[in-house]
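Since every read-out is calculated from the coordinates, none of them should be taken as a lab result. All values reported here derive from a predicted model rather than from experimental measurement. Positions of Cβ are generated from backbone atoms using ideal geometry, with glycine treated the same way; all protein chains shown enter the neighbour counts.
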Amino acid sequence: MTSGVISVGMTLRGVGVGLNTVRITALGTGTGGVGTYTIANALATSTGIGSSTITAVADNNSLLGTNALKIYSSRKSGISGRRNQLRQGDSIGSLEVYGTHTNNATITTPNAHRSRIYWTATENYTSTTGGSQFVLTTVTPGTNTEATRMTADSSKVSFTAPVQLPAYAATALQAITGAVGYMAAVSDNGGKLAYWDTTNNRWSYVIDGTAV
């Protein structure tokens, strides 16, 4: 071992080690340095890996994705420890931020200064159905009023404010290889919209299909 500290959850990389296939799951005689460690890939342990340089890297997803923020939502049933199914229109969960507007104030959560993202049920939940809707809100500058900016469900994504596309000069845009669905504004041609034209393999203007 030449440098660094080994810890549980790291993945190994090197010759004969597939990307994200071998993971350290427990300490053996090693506690961060030279020693033995338990790894998760049975194939690697049974076949062995020849002598080579191995690098241990942090895995930000953690061993089982346990660093996710999870919200479990339901309706109260009136019985301790039991819950009822969600119904259409119920809140599934939200992330809210509040801004204090007075110096030396106590910590409060005034809805008038709230921005949030939240999810609601779009149908009654069963074992096979669970439609949801995602909403993003912000406070309009110069006011203390929360307003919906974006709503997304299974059929569409709706915006209540203009959508700003990336802008490039024509020569800069020509140097970019796009893909189906790519769009941009051409800043040195009146801000005209262009799309990646898969038929001609180039950027073309939306208004008339001519090349950028």
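Applied to region 76-83, the Karplus parametrisation 6.51 cos²θ - 1.76 cosθ + 1.60 on θ = phi - 60° returns per-residue 3J(HN,Hα) values of 5, 10, x, 10, 4, x, 10, 9 Hz, with x for Gly and Pro. Each other residue within a Cβ distance under 11 Å of Lys76 adds +1 if Lys or Arg and -1 if Asp or Glu, for a net charge of +3. Each principal axis of the Cα cloud of region 163-212 was evaluated for its coordinate range; sorted largest first, these ranges are 24, 22, 19 Å. Here the Debye sum runs over all C-alpha atoms of region 75-159 as equal scatterers in vacuum, and log10 of I(q)/I(0) at q = 0.21, 0.23, 0.27 Å⁻¹ comes out as -0.99, -1.07, -1.25.
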